[in-house]
Amino acid sequence: METGRPLQRLCQIQIQRLLILVISLVVVLIVLAQLLAFPYKNDTSILSPITKGILVHKVSIYNNASITHEGVVQNESIIEEGCKGYDRNSESLVSKIVAKVNDSGQNVTIASQPTRLSYMISVLESVRFNTTLNGKNKEAGFKLSSVCERQLQHARMQIEKGPTLASTGGLHASLYRNVSRFLRSYKLMEDTLKVYIYKEGKKPIYHDPKLRGIYASEGWFMKLMEKNRHFVVKDPKKAHLFYLPFSSLKLRLTSQEHTPQSRKNLELHLKNYTTLISRKYPFWNRTNGADHFLVACHDWAMKLTKDDMGNCIRSLCNSNLAGGFKIGKDTTLPATYIRTSEDPVKDLGGKQPSERPILAFFAGGMHGNLRPILLRQWHDKEPDMKIFGSMARDVESKAKYRMYMKSSKYCICARGYEVFTPRIVESVYYECVPVIISDDYVPPFFEFLDWEGFSVFVLEKDVGNLSGILRAISDEKYREMWERVKMVQRHFIWHKTPVKFDLFHMILHSIWTNRVYRT
(Lines give C-alpha, C1' and ligand atoms only; values in the text may rest on other atoms or scores of the structure.)
Protein backbone atom coordinates (compact mmCIF):
# COMPACT_ATOMS: atom_id res chain seq x y z
CA MET A 1 0.00 0.00 0.00
CA GLU A 2 2.77 2.45 0.90
CA THR A 3 4.58 1.86 -2.36
CA GLY A 4 1.35 2.06 -4.34
CA ARG A 5 0.51 5.58 -3.25
CA PRO A 6 3.69 7.23 -4.68
CA LEU A 7 3.10 5.39 -7.95
CA GLN A 8 -0.51 6.56 -8.00
CA ARG A 9 0.60 10.13 -7.27
CA LEU A 10 3.22 9.94 -10.02
CA CYS A 11 0.62 8.77 -12.51
CA GLN A 12 -1.66 11.63 -11.55
CA ILE A 13 1.17 14.13 -12.06
CA GLN A 14 1.96 12.67 -15.48
CA ILE A 15 -1.69 12.82 -16.49
CA GLN A 16 -1.89 16.44 -15.36
CA ARG A 17 1.22 17.31 -17.37
CA LEU A 18 -0.23 15.58 -20.40
CA LEU A 19 -3.49 17.51 -20.04
CA ILE A 20 -1.55 20.79 -19.72
CA LEU A 21 0.40 19.94 -22.87
CA VAL A 22 -2.77 19.13 -24.82
CA ILE A 23 -4.47 22.34 -23.66
CA SER A 24 -1.37 24.36 -24.60
CA LEU A 25 -1.34 22.86 -28.09
CA VAL A 26 -5.04 23.65 -28.53
CA VAL A 27 -4.43 27.27 -27.47
CA VAL A 28 -1.50 27.59 -29.88
CA LEU A 29 -3.61 26.22 -32.76
CA ILE A 30 -6.41 28.66 -31.97
CA VAL A 31 -3.98 31.60 -31.92
CA LEU A 32 -2.42 30.50 -35.21
CA ALA A 33 -5.85 30.16 -36.79
CA GLN A 34 -6.69 33.72 -35.74
CA LEU A 35 -3.41 35.03 -37.12
CA LEU A 36 -3.98 33.29 -40.43
CA ALA A 37 -7.56 34.50 -40.82
CA PHE A 38 -7.79 37.25 -43.46
CA PRO A 39 -10.35 39.94 -42.66
CA TYR A 40 -12.44 40.13 -45.83
CA LYS A 41 -15.23 42.58 -45.20
CA ASN A 42 -18.73 41.12 -45.47
CA ASP A 43 -17.44 37.74 -46.70
CA THR A 44 -14.97 36.52 -44.12
CA SER A 45 -16.02 32.90 -44.50
CA ILE A 46 -15.31 32.67 -48.22
CA LEU A 47 -11.87 34.02 -49.01
CA SER A 48 -8.75 32.05 -48.23
CA PRO A 49 -6.17 33.57 -45.88
CA ILE A 50 -2.89 35.05 -47.06
CA THR A 51 -0.21 33.34 -45.03
CA LYS A 52 3.13 33.86 -46.69
CA GLY A 53 5.36 36.68 -47.86
CA ILE A 54 8.74 38.06 -46.95
CA LEU A 55 10.78 38.86 -43.89
CA VAL A 56 13.24 41.63 -44.59
CA HIS A 57 16.50 42.49 -42.89
CA LYS A 58 16.09 45.85 -41.18
CA VAL A 59 13.07 46.98 -43.19
CA SER A 60 10.24 48.87 -41.54
CA ILE A 61 7.05 46.88 -41.18
CA TYR A 62 3.72 48.27 -40.08
CA ASN A 63 1.00 46.49 -38.20
CA ASN A 64 -2.55 46.92 -39.51
CA ALA A 65 -3.84 46.88 -35.94
CA SER A 66 -2.14 50.23 -35.33
CA ILE A 67 -4.05 52.07 -38.10
CA THR A 68 -6.47 54.81 -37.12
CA HIS A 69 -9.18 56.41 -39.24
CA GLU A 70 -7.20 59.64 -39.21
CA GLY A 71 -4.50 57.94 -41.20
CA VAL A 72 -1.91 57.68 -38.41
CA VAL A 73 0.32 54.62 -38.52
CA GLN A 74 1.88 53.74 -35.20
CA ASN A 75 4.09 51.13 -33.58
CA GLU A 76 6.65 50.79 -36.35
CA SER A 77 8.75 47.71 -35.74
CA ILE A 78 11.92 46.27 -37.21
CA ILE A 79 12.32 42.61 -38.12
CA GLU A 80 15.90 41.37 -37.90
CA GLU A 81 15.38 37.91 -39.39
CA GLY A 82 17.15 38.41 -42.73
CA CYS A 83 15.74 37.68 -46.16
CA LYS A 84 15.53 33.91 -45.76
CA GLY A 85 12.30 32.04 -45.36
CA TYR A 86 10.05 34.53 -47.14
CA ASP A 87 7.30 34.15 -44.55
CA ARG A 88 5.06 36.68 -42.87
CA ASN A 89 1.75 36.80 -41.15
CA SER A 90 -1.16 38.82 -42.42
CA GLU A 91 -0.30 41.74 -40.14
CA SER A 92 3.11 42.42 -41.69
CA LEU A 93 1.65 45.15 -43.87
CA VAL A 94 1.64 48.88 -44.38
CA SER A 95 -1.75 50.40 -45.06
CA LYS A 96 -2.31 54.09 -44.62
CA ILE A 97 -5.95 55.17 -44.46
CA VAL A 98 -7.42 58.47 -45.57
CA ALA A 99 -10.96 59.70 -44.98
CA LYS A 100 -12.58 61.77 -47.71
CA VAL A 101 -16.06 63.21 -48.22
CA ASN A 102 -17.61 62.14 -51.52
CA ASP A 103 -20.15 64.02 -53.65
CA SER A 104 -23.10 62.78 -51.60
CA GLY A 105 -21.59 64.04 -48.36
CA GLN A 106 -20.68 60.59 -47.08
CA ASN A 107 -17.38 59.94 -45.35
CA VAL A 108 -15.45 57.38 -47.43
CA THR A 109 -12.38 55.57 -46.16
CA ILE A 110 -9.81 54.72 -48.83
CA ALA A 111 -6.31 53.29 -48.89
CA SER A 112 -3.89 56.10 -49.72
CA GLN A 113 -1.17 53.73 -50.90
CA PRO A 114 -1.04 50.05 -51.80
CA THR A 115 -0.08 47.80 -48.94
CA ARG A 116 1.99 45.31 -50.89
CA LEU A 117 3.64 47.80 -53.27
CA SER A 118 5.11 49.88 -50.46
CA TYR A 119 6.35 46.70 -48.84
CA MET A 120 7.83 45.37 -52.08
CA ILE A 121 9.83 48.53 -52.61
CA SER A 122 11.19 48.28 -49.08
CA VAL A 123 12.24 44.68 -49.73
CA LEU A 124 13.93 45.56 -53.01
CA GLU A 125 15.83 48.48 -51.52
CA SER A 126 16.98 46.33 -48.63
CA VAL A 127 18.25 43.55 -50.91
CA ARG A 128 20.10 45.96 -53.18
CA PHE A 129 21.50 48.02 -50.33
CA ASN A 130 22.97 44.89 -48.75
CA THR A 131 24.43 43.74 -52.08
CA THR A 132 26.00 47.13 -52.72
CA LEU A 133 27.29 47.35 -49.15
CA ASN A 134 28.83 43.88 -49.18
CA GLY A 135 29.95 43.99 -52.80
CA LYS A 136 28.58 40.48 -53.40
CA ASN A 137 25.39 38.53 -53.07
CA LYS A 138 26.55 35.53 -51.02
CA GLU A 139 23.36 33.57 -51.64
CA ALA A 140 23.85 33.70 -55.41
CA GLY A 141 26.79 31.32 -55.16
CA PHE A 142 29.27 33.05 -57.50
CA LYS A 143 32.71 31.50 -57.14
CA LEU A 144 34.66 32.85 -60.09
CA SER A 145 36.09 36.30 -60.66
CA SER A 146 35.98 37.06 -64.36
CA VAL A 147 35.88 39.86 -66.89
CA CYS A 148 32.09 39.52 -67.02
CA GLU A 149 31.80 39.82 -63.24
CA ARG A 150 33.98 42.94 -63.21
CA GLN A 151 31.82 44.45 -65.95
CA LEU A 152 28.71 43.83 -63.88
CA GLN A 153 30.28 45.29 -60.74
CA HIS A 154 31.23 48.39 -62.72
CA ALA A 155 27.66 48.61 -64.06
CA ARG A 156 26.26 48.44 -60.53
CA MET A 157 28.53 51.29 -59.42
CA GLN A 158 27.43 53.39 -62.40
CA ILE A 159 23.76 52.74 -61.69
CA GLU A 160 24.18 53.65 -58.02
CA LYS A 161 26.52 56.62 -58.30
CA GLY A 162 26.10 57.90 -61.85
CA PRO A 163 25.12 61.50 -62.58
CA THR A 164 21.56 62.80 -62.72
CA LEU A 165 20.73 63.18 -66.40
CA ALA A 166 19.72 66.58 -67.72
CA SER A 167 17.72 64.99 -70.55
CA THR A 168 15.29 62.12 -70.10
CA GLY A 169 15.42 61.08 -73.75
CA GLY A 170 11.73 61.71 -74.33
CA LEU A 171 10.61 59.70 -71.27
CA HIS A 172 8.18 61.38 -68.89
CA ALA A 173 9.84 61.49 -65.47
CA SER A 174 6.52 61.09 -63.62
CA LEU A 175 6.27 57.46 -64.80
CA TYR A 176 9.40 56.40 -62.95
CA ARG A 177 10.60 56.20 -59.40
CA ASN A 178 13.92 57.65 -60.65
CA VAL A 179 14.13 58.27 -64.38
CA SER A 180 17.90 59.01 -64.38
CA ARG A 181 18.63 55.75 -62.61
CA PHE A 182 16.44 53.86 -65.08
CA LEU A 183 18.13 55.43 -68.09
CA ARG A 184 21.62 54.75 -66.70
CA SER A 185 20.74 51.10 -66.15
CA TYR A 186 19.07 50.75 -69.56
CA LYS A 187 22.05 52.31 -71.38
CA LEU A 188 24.48 50.04 -69.53
CA MET A 189 22.37 47.05 -70.57
CA GLU A 190 22.55 48.13 -74.21
CA ASP A 191 26.32 48.63 -74.02
CA THR A 192 27.28 45.66 -71.85
CA LEU A 193 24.86 42.74 -71.70
CA LYS A 194 25.63 39.51 -73.53
CA VAL A 195 23.37 36.45 -73.42
CA TYR A 196 24.13 32.85 -74.32
CA ILE A 197 21.19 30.63 -75.36
CA TYR A 198 21.50 26.89 -74.87
CA LYS A 199 20.88 24.91 -78.06
CA GLU A 200 19.87 21.79 -76.13
CA GLY A 201 16.23 20.76 -75.85
CA LYS A 202 13.81 19.42 -78.43
CA LYS A 203 10.60 20.95 -79.72
CA PRO A 204 7.81 21.50 -78.82
CA ILE A 205 8.85 22.23 -75.22
CA TYR A 206 12.08 24.01 -76.22
CA HIS A 207 12.71 26.57 -78.95
CA ASP A 208 9.07 26.52 -80.08
CA PRO A 209 7.23 29.72 -79.06
CA LYS A 210 3.45 29.98 -78.86
CA LEU A 211 2.46 33.50 -79.91
CA ARG A 212 -1.27 33.63 -79.14
CA GLY A 213 -3.42 33.41 -76.03
CA ILE A 214 -3.05 34.58 -72.44
CA TYR A 215 0.36 32.93 -71.94
CA ALA A 216 1.87 34.38 -75.11
CA SER A 217 4.44 36.55 -73.31
CA GLU A 218 6.87 33.67 -72.83
CA GLY A 219 6.57 32.77 -76.52
CA TRP A 220 7.12 36.30 -77.79
CA PHE A 221 10.17 36.74 -75.60
CA MET A 222 11.60 33.40 -76.74
CA LYS A 223 11.07 34.24 -80.40
CA LEU A 224 12.61 37.71 -80.16
CA MET A 225 15.49 36.60 -77.92
CA GLU A 226 16.53 33.77 -80.21
CA LYS A 227 16.44 36.10 -83.23
CA ASN A 228 18.40 38.84 -81.48
CA ARG A 229 21.86 39.75 -82.74
CA HIS A 230 22.69 42.59 -80.38
CA PHE A 231 22.62 40.76 -77.05
CA VAL A 232 23.11 37.09 -78.05
CA VAL A 233 26.64 35.66 -78.28
CA LYS A 234 27.85 32.32 -79.60
CA ASP A 235 30.73 32.09 -77.13
CA PRO A 236 29.32 31.30 -73.66
CA LYS A 237 32.53 32.54 -72.02
CA LYS A 238 31.51 36.08 -72.98
CA ALA A 239 28.02 35.81 -71.51
CA HIS A 240 26.68 37.59 -68.43
CA LEU A 241 23.44 35.62 -68.60
CA PHE A 242 22.42 32.15 -69.83
CA TYR A 243 18.90 31.68 -71.20
CA LEU A 244 16.99 28.42 -70.67
CA PRO A 245 14.63 28.52 -73.70
CA PHE A 246 11.72 26.32 -72.63
CA SER A 247 8.00 26.99 -72.72
CA SER A 248 6.13 26.29 -69.49
CA LEU A 249 2.90 26.33 -71.54
CA LYS A 250 4.16 23.74 -74.03
CA LEU A 251 5.47 21.64 -71.17
CA ARG A 252 1.99 21.57 -69.63
CA LEU A 253 0.11 21.11 -72.92
CA THR A 254 2.38 18.29 -74.04
CA SER A 255 1.77 16.44 -70.79
CA GLN A 256 -2.01 16.76 -71.33
CA GLU A 257 -1.98 15.63 -74.96
CA HIS A 258 -0.37 12.31 -74.14
CA THR A 259 -0.61 10.34 -70.92
CA PRO A 260 -1.57 12.87 -68.21
CA GLN A 261 1.47 13.58 -66.06
CA SER A 262 1.69 14.88 -62.54
CA ARG A 263 3.44 18.07 -61.57
CA LYS A 264 6.27 15.98 -60.13
CA ASN A 265 6.85 14.38 -63.54
CA LEU A 266 7.08 17.80 -65.17
CA GLU A 267 9.54 18.92 -62.50
CA LEU A 268 11.61 15.82 -63.27
CA HIS A 269 11.60 16.73 -66.96
CA LEU A 270 13.15 20.13 -66.16
CA LYS A 271 15.59 18.53 -63.73
CA ASN A 272 16.80 16.21 -66.50
CA TYR A 273 17.27 19.26 -68.73
CA THR A 274 19.42 21.11 -66.19
CA THR A 275 21.37 17.91 -65.51
CA LEU A 276 22.13 17.64 -69.22
CA ILE A 277 23.35 21.24 -69.29
CA SER A 278 25.42 20.91 -66.13
CA ARG A 279 27.20 17.84 -67.49
CA LYS A 280 27.92 19.40 -70.86
CA TYR A 281 28.94 22.92 -69.71
CA PRO A 282 30.79 24.32 -66.67
CA PHE A 283 28.62 27.44 -66.34
CA TRP A 284 25.66 26.04 -64.40
CA ASN A 285 27.87 24.33 -61.83
CA ARG A 286 30.01 27.34 -60.98
CA THR A 287 26.99 29.33 -59.73
CA ASN A 288 24.32 26.64 -59.28
CA GLY A 289 22.40 28.44 -62.04
CA ALA A 290 22.45 31.93 -60.44
CA ASP A 291 23.52 33.58 -63.71
CA HIS A 292 20.87 31.66 -65.70
CA PHE A 293 17.35 32.86 -66.38
CA LEU A 294 14.02 31.54 -67.57
CA VAL A 295 10.86 33.24 -68.84
CA ALA A 296 7.63 31.41 -68.06
CA CYS A 297 3.96 32.41 -67.96
CA HIS A 298 1.94 29.30 -67.10
CA ASP A 299 0.32 29.19 -63.65
CA TRP A 300 2.42 26.16 -62.69
CA ALA A 301 5.76 27.72 -63.67
CA MET A 302 6.66 28.99 -60.20
CA LYS A 303 6.20 25.59 -58.55
CA LEU A 304 7.76 23.64 -61.43
CA THR A 305 10.95 25.71 -61.21
CA LYS A 306 11.22 26.33 -57.46
CA ASP A 307 13.63 23.47 -56.74
CA ASP A 308 16.10 22.63 -59.50
CA MET A 309 15.80 26.06 -61.13
CA GLY A 310 15.11 27.95 -57.93
CA ASN A 311 18.48 29.70 -57.92
CA CYS A 312 17.92 31.09 -61.42
CA ILE A 313 16.51 34.51 -62.20
CA ARG A 314 12.90 33.65 -63.02
CA SER A 315 10.70 35.97 -65.05
CA LEU A 316 7.20 34.78 -64.11
CA CYS A 317 3.67 35.90 -64.91
CA ASN A 318 2.56 34.31 -61.65
CA SER A 319 4.63 36.68 -59.51
CA ASN A 320 3.00 35.67 -56.26
CA LEU A 321 4.68 37.17 -53.21
CA ALA A 322 2.99 34.55 -51.03
CA GLY A 323 3.91 31.65 -53.29
CA GLY A 324 7.69 31.80 -53.42
CA PHE A 325 8.40 34.79 -55.68
CA LYS A 326 11.66 36.36 -54.43
CA ILE A 327 12.03 40.09 -54.90
CA GLY A 328 15.53 41.03 -56.00
CA LYS A 329 16.02 37.69 -57.77
CA ASP A 330 12.81 36.96 -59.69
CA THR A 331 11.11 39.42 -62.03
CA THR A 332 7.52 39.83 -63.23
CA LEU A 333 6.62 38.82 -66.77
CA PRO A 334 3.58 40.83 -67.92
CA ALA A 335 0.75 38.56 -69.04
CA THR A 336 -0.38 39.75 -72.48
CA TYR A 337 -3.44 38.31 -74.19
CA ILE A 338 -2.51 38.14 -77.89
CA ARG A 339 -5.39 37.46 -80.31
CA THR A 340 -3.34 37.50 -83.50
CA SER A 341 0.40 37.04 -83.87
CA GLU A 342 0.34 39.12 -87.05
CA ASP A 343 -0.74 42.21 -85.10
CA PRO A 344 -0.08 41.74 -81.35
CA VAL A 345 -1.48 45.16 -80.41
CA LYS A 346 -4.53 45.26 -82.63
CA ASP A 347 -7.15 47.85 -81.56
CA LEU A 348 -4.63 49.74 -79.41
CA GLY A 349 -6.04 52.94 -77.88
CA GLY A 350 -9.27 54.16 -76.34
CA LYS A 351 -11.59 57.12 -75.88
CA GLN A 352 -10.87 60.47 -74.31
CA PRO A 353 -11.76 60.90 -70.60
CA SER A 354 -14.84 62.98 -71.43
CA GLU A 355 -16.12 60.13 -73.63
CA ARG A 356 -15.88 57.47 -70.92
CA PRO A 357 -19.29 57.33 -69.18
CA ILE A 358 -18.59 54.05 -67.35
CA LEU A 359 -16.92 54.38 -63.96
CA ALA A 360 -15.62 50.80 -63.71
CA PHE A 361 -15.75 47.64 -65.81
CA PHE A 362 -15.03 43.98 -65.22
CA ALA A 363 -16.01 40.82 -67.06
CA GLY A 364 -14.52 37.40 -66.59
CA GLY A 365 -14.78 33.87 -65.28
CA MET A 366 -15.52 33.34 -61.61
CA HIS A 367 -12.06 31.94 -60.90
CA GLY A 368 -10.90 31.89 -57.32
CA ASN A 369 -12.62 33.36 -54.27
CA LEU A 370 -12.42 37.08 -54.94
CA ARG A 371 -14.32 37.41 -58.22
CA PRO A 372 -17.60 35.89 -56.98
CA ILE A 373 -17.57 38.46 -54.19
CA LEU A 374 -16.86 41.26 -56.68
CA LEU A 375 -19.81 40.13 -58.79
CA ARG A 376 -22.14 39.71 -55.84
CA GLN A 377 -21.22 43.11 -54.40
CA TRP A 378 -21.45 45.16 -57.59
CA HIS A 379 -23.39 43.47 -60.38
CA ASP A 380 -26.43 45.65 -61.21
CA LYS A 381 -25.90 47.74 -58.07
CA GLU A 382 -24.91 51.09 -59.66
CA PRO A 383 -25.64 52.12 -63.26
CA ASP A 384 -22.08 53.19 -64.09
CA MET A 385 -20.48 50.11 -62.50
CA LYS A 386 -20.44 47.44 -65.24
CA ILE A 387 -19.45 44.27 -63.39
CA PHE A 388 -20.22 41.01 -65.19
CA GLY A 389 -19.35 37.35 -65.12
CA SER A 390 -18.06 35.50 -68.17
CA MET A 391 -18.93 36.91 -71.57
CA ALA A 392 -19.43 34.72 -74.64
CA ARG A 393 -16.34 33.94 -76.72
CA ASP A 394 -17.84 34.86 -80.09
CA VAL A 395 -16.49 37.74 -82.18
CA GLU A 396 -19.33 40.09 -81.25
CA SER A 397 -18.87 39.58 -77.50
CA LYS A 398 -15.11 40.07 -77.73
CA ALA A 399 -15.67 43.34 -79.58
CA LYS A 400 -18.16 44.38 -76.88
CA TYR A 401 -15.56 43.56 -74.20
CA ARG A 402 -13.03 45.87 -75.85
CA MET A 403 -15.67 48.57 -76.25
CA TYR A 404 -16.35 48.46 -72.51
CA MET A 405 -12.65 48.84 -71.76
CA LYS A 406 -12.26 51.73 -74.18
CA SER A 407 -15.33 53.46 -72.67
CA SER A 408 -14.52 53.00 -68.96
CA LYS A 409 -12.55 55.24 -66.67
CA TYR A 410 -11.29 52.34 -64.56
CA CYS A 411 -10.84 48.69 -65.49
CA ILE A 412 -10.98 46.18 -62.65
CA CYS A 413 -8.07 43.73 -62.65
CA ALA A 414 -9.12 41.22 -60.02
CA ARG A 415 -7.07 38.13 -59.30
CA GLY A 416 -8.47 34.73 -60.19
CA TYR A 417 -7.05 31.41 -59.08
CA GLU A 418 -3.62 33.03 -59.32
CA VAL A 419 -2.48 36.59 -58.62
CA PHE A 420 -1.92 37.70 -62.21
CA THR A 421 -4.34 38.65 -64.97
CA PRO A 422 -3.82 39.86 -68.57
CA ARG A 423 -6.38 42.60 -67.86
CA ILE A 424 -3.61 44.79 -66.42
CA VAL A 425 -1.85 45.05 -69.78
CA GLU A 426 -5.19 45.15 -71.62
CA SER A 427 -6.14 48.18 -69.53
CA VAL A 428 -2.94 49.90 -70.58
CA TYR A 429 -3.59 49.03 -74.24
CA TYR A 430 -7.10 50.53 -74.12
CA GLU A 431 -6.08 53.54 -71.99
CA CYS A 432 -8.26 52.53 -69.06
CA VAL A 433 -6.75 53.14 -65.60
CA PRO A 434 -6.08 49.69 -64.09
CA VAL A 435 -7.55 48.93 -60.66
CA ILE A 436 -5.43 46.09 -59.30
CA ILE A 437 -7.13 43.91 -56.69
CA SER A 438 -4.52 41.26 -55.95
CA ASP A 439 -2.67 41.72 -52.68
CA ASP A 440 0.33 39.51 -53.34
CA TYR A 441 0.90 40.43 -57.00
CA VAL A 442 4.26 42.02 -57.80
CA PRO A 443 3.64 44.48 -60.69
CA PRO A 444 5.89 44.34 -63.76
CA PHE A 445 8.93 46.59 -63.73
CA PHE A 446 8.06 47.98 -60.30
CA GLU A 447 11.83 48.31 -59.80
CA PHE A 448 11.65 51.47 -61.90
CA LEU A 449 8.04 52.26 -62.81
CA ASP A 450 5.94 54.30 -60.38
CA TRP A 451 2.76 52.23 -60.54
CA GLU A 452 0.97 54.45 -58.06
CA GLY A 453 1.08 57.24 -60.65
CA PHE A 454 -1.04 55.46 -63.28
CA SER A 455 -3.05 52.78 -61.47
CA VAL A 456 -5.18 52.20 -58.38
CA PHE A 457 -4.48 49.44 -55.85
CA VAL A 458 -7.40 48.16 -53.80
CA LEU A 459 -6.91 45.61 -51.05
CA GLU A 460 -8.87 42.42 -51.57
CA LYS A 461 -10.66 42.93 -48.26
CA ASP A 462 -11.87 46.35 -49.48
CA VAL A 463 -13.72 45.14 -52.58
CA GLY A 464 -16.98 46.10 -50.85
CA ASN A 465 -15.78 49.74 -50.81
CA LEU A 466 -14.80 49.73 -54.50
CA SER A 467 -17.31 52.34 -55.68
CA GLY A 468 -16.48 54.73 -52.85
CA ILE A 469 -12.75 54.36 -53.39
CA LEU A 470 -13.02 55.21 -57.10
CA ARG A 471 -15.52 58.05 -56.63
CA ALA A 472 -13.21 59.62 -54.04
CA ILE A 473 -10.57 60.14 -56.76
CA SER A 474 -10.87 63.65 -58.18
CA ASP A 475 -11.38 64.29 -61.89
CA GLU A 476 -8.01 66.02 -61.97
CA LYS A 477 -6.25 63.02 -60.45
CA TYR A 478 -8.05 60.62 -62.79
CA ARG A 479 -7.03 62.60 -65.88
CA GLU A 480 -3.43 62.65 -64.64
CA MET A 481 -3.44 58.86 -64.30
CA TRP A 482 -5.12 58.45 -67.70
CA GLU A 483 -2.42 60.54 -69.38
CA ARG A 484 0.28 58.45 -67.71
CA VAL A 485 -1.39 55.22 -68.85
CA LYS A 486 -1.10 56.49 -72.42
CA MET A 487 2.57 57.34 -71.89
CA VAL A 488 3.48 54.02 -70.26
CA GLN A 489 1.97 52.05 -73.19
CA ARG A 490 5.30 51.96 -75.00
CA HIS A 491 6.72 49.69 -72.28
CA PHE A 492 4.00 47.04 -72.76
CA ILE A 493 3.92 46.65 -76.55
CA TRP A 494 5.29 43.71 -78.53
CA HIS A 495 6.91 44.52 -81.86
CA LYS A 496 7.91 41.95 -84.45
CA THR A 497 11.22 43.77 -84.57
CA PRO A 498 11.95 45.09 -81.05
CA VAL A 499 12.29 48.83 -80.55
CA LYS A 500 13.87 50.80 -77.71
CA PHE A 501 11.96 50.66 -74.39
CA ASP A 502 9.35 48.18 -75.68
CA LEU A 503 8.12 45.11 -73.79
CA PHE A 504 10.91 42.83 -74.98
CA HIS A 505 13.58 45.26 -73.79
CA MET A 506 11.78 46.00 -70.52
CA ILE A 507 11.59 42.28 -69.63
CA LEU A 508 15.25 41.83 -70.48
CA HIS A 509 16.12 44.98 -68.53
CA SER A 510 14.47 43.65 -65.36
CA ILE A 511 16.46 40.42 -65.72
CA TRP A 512 19.64 42.40 -66.38
CA THR A 513 19.12 44.58 -63.32
CA ASN A 514 18.68 41.59 -61.02
CA ARG A 515 21.79 40.00 -62.52
CA VAL A 516 23.79 43.17 -61.83
CA TYR A 517 22.79 43.07 -58.17
CA ARG A 518 23.67 39.38 -57.82
CA THR A 519 27.40 39.96 -58.41
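The values are calculated or read from the model by the stated rules, or taken from the named source; none is laboratory data. Just so we're clear, the structure is a prediction, and the values are computed from it rather than from any experiment. No Cβ is skipped: glycine too gets one built from the backbone with ideal geometry, and neighbour counts run over all protein chains shown. With ligands, DNA and RNA removed, areas are computed over all heavy atoms of the protein, side chains included. Shrake-Rupley method; radii C 1.70, N 1.55, O 1.52, S 1.80 Å.
Report D for the stretch 421-490 in µm² per second (integer): Stokes-Einstein, Kirkwood Rh on Cα pairs, 4 °C, 1.567 mPa s.
Values: Rh = 12.6 Å.
Translational D for this selection: 103 µm²/s.
In Å, what Rg and Dmax follow from the Cα atoms of the stretch 185-252?
Calculated on Cα positions, Rg and Dmax stand at 12.9, 37 Å.
Place a +1 charge on the Cβ of each Lys and Arg in the stretch 166-277 and a -1 charge on the Cβ of each Asp and Glu, then give the dipole magnitude about the Cα centre in debye, rounded to the nearest 20.
Here the size comes out at about 80 debye.
Determine the per residue accessible area of the stretch 380-519 with all protein chains present and a 1.4 angstrom probe, expressed in square angstrom. Kindly include the intermediate steps, with their values, before the conclusion.
Numbers: 4460 Å² over 140 residues.
Accessible area per residue, the stretch 380-519: 32 Å².
Binned at 10 Å from 0, what are the whole-percent values of the Cα-Cα distance distribution for the stretch 185-334, short to long?
So the P(r) values, bin by bin, are 11, 42, 38, 8, 1.
Output needed: percent of Cα pairs per 5 Å distance bin for the stretch 252-399, bins running from 0 to the one holding the longest distance.
The percentages, shortest bin first, are 2, 7, 11, 13, 15, 15, 13, 9, 7, 5, 3, 1, 0.
Classify the stretch 308-350 from the C-alpha gyration tensor, please: rounded if a/c falls under 1.5, else prolate or oblate depending on whether a/b exceeds b/c. If you can, show how the numbers build up before the last one.
Details: a/c = 3.65, a/b = 2.54, b/c = 1.44.
It comes out prolate by the Cα gyration axes.
If R0 is 22 Å, what FRET efficiency do you get for T168 and K227 from their C-beta distance, rounded to 0.05? Could you put the intermediate results ahead of the total?
Details: r = 30 Å, r/R0 = 1.34.
Efficiency, from the Cβ-Cβ distance: 0.15.
Given a Förster distance of 51 Å, report the FRET efficiency between M403 and L19 from their Cβ-Cβ distance, rounded to the nearest 0.05. Please list the in-between numbers first.
Working: r = 67 Å, r/R0 = 1.31.
Between M403 and L19 the formula returns 0.15.
If packing is taken as the average count of other Cβ atoms within 10 Å, what order do 281-292, 322-333 fall into, highest mean first? Intermediate results must be reported in sequence, preceding the final value.
Working: 281-292: 19.0, 322-333: 22.8.
The most tightly packed comes first, giving 322-333, 281-292.
Can you compute 3J(HN,Hα) from phi for each residue in the stretch 375-380, using the Karplus curve 6.51 cos²θ - 1.76 cosθ + 1.60 with θ = phi - 60°, rounded to whole Hz and x for Gly and Pro?
5, 5, 6, 10, 5, 6
At a 10 angstrom cut-off on C-beta neighbours, averaged per residue, how do the peptides 369-375, 476-482, 444-450 rank from highest to lowest?
Working: 369-375: 19.9, 476-482: 15.3, 444-450: 21.7.
Per-residue mean Cβ counts within 10 Å order the peptides as 444-450, 369-375, 476-482.
Quick check: from the Cα gyration tensor, does the stretch 258-336 come out rounded (a/c under 1.5), prolate or oblate? Don't skip to the answer; put the middle values down first.
Details: a/c = 2.09, a/b = 1.13, b/c = 1.85.
Oblate, since a/c reaches 1.5 and b/c is not below a/b.
Mind giving me the nanometre distance, one decimal, between the label points for N178 and E483, set 7 Å out from Cα along Cα→Cβ?
2.6
Only Lys, Arg, Asp and Glu count, each charged at its Cβ (+1, +1, -1, -1), so figure out the dipole size of the stretch 247-397 about its Cα centre, rounded to 20 debye. All intermediate terms of the calculation are to be shown ahead of the outcome.
Details: 22 positive and 16 negative charges, 143 e Å.
With Lys and Arg at +1 and Asp and Glu at -1, about 680 debye.
Just order 177-184, 428-435 by mean Cβ neighbour count inside 10 Å, highest at the front, would you?
On the way: 177-184: 18.0, 428-435: 25.0.
Averaged packing, sorted descending, gives the order 428-435, 177-184.
Taking H as built 1.01 Å from N, whose amide H comes closer than 5 Å to the amide H of N320, not counting residues under 5 places away?
Sorted by chain and number, the residues that satisfy this are F325.
Among A173, T192, Y206, which residue has its Cα furthest toward the positive end of the charge dipole of the stretch 160-206, with +1 on Lys/Arg Cβ and -1 on Asp/Glu Cβ?
Positive-end residue among those listed: Y206.
Does anything in the stretch 237-278 have its amide N under 13 Å from the 7 Å Cα→Cβ label point of S146, and if so which residues?
Under cut-off, by backbone N: 237-243.
Over the residues of the stretch 178-223, compute the C-alpha Rg and express it relative to 2.2 N^0.38 Å. The partial results should precede the final answer.
Values: Rg = 15.3 Å, N = 46, 2.2 N^0.38 = 9.4 Å.
Rg over 2.2 N^0.38 Å, computed on Cα atoms: 1.62.
To the nearest 10 square angstrom, how much accessible area does I469 have with a 1.4 angstrom probe?
10
Please report, in debye to the nearest 20, how large the charge dipole of the stretch 396-491 is about its Cα centre when each Lys and Arg carries +1 at its beta carbon and each Asp and Glu carries -1 there.
Values: 14 positive and 15 negative charges, 103 e Å.
I would put it at about 500 debye.
Rounded to whole Hz and in sequence order, give me ³J(HN,Hα) for the stretch 207-224 from the Karplus expression 6.51 cos²θ - 1.76 cosθ + 1.60, θ = phi - 60°, writing x for Gly and Pro.
6, 9, x, 9, 10, 10, x, 7, 9, 5, 4, 5, x, 5, 5, 4, 4, 6
Between K264 and Q352, take the C-beta separation as r, use R0 = 56 Å, and let me know the FRET efficiency to the nearest 0.05. Don't skip to the end; give the middle numbers.
Numbers: r = 53 Å, r/R0 = 0.94.
The computed FRET efficiency comes out at 0.60.
On the first, second and third principal axes, largest extent first, how far apart are the outermost C-alpha atoms of the stretch 366-519 in Å?
52, 35, 35
Apply the Kirkwood formula to the stretch 404-448: the hydrodynamic radius equals the inverse of the mean of 1/r over all pairs of different alpha-carbon atoms; give it in Å with one decimal. Walk me through the intermediate numbers first.
Details: mean 1/r = 0.0920 Å⁻¹.
Answer for the stretch 404-448: a Kirkwood hydrodynamic radius of 10.9 Å.
Given an 8 Å cut-off on Cα distances and at least 6 residues of separation, report the relative contact order of the stretch 261-399 as a percent. Show your work: numbers first, answer last.
Values: 142 pairs, mean separation 19.9, N = 139.
Relative contact order of the stretch 261-399: 14 percent.
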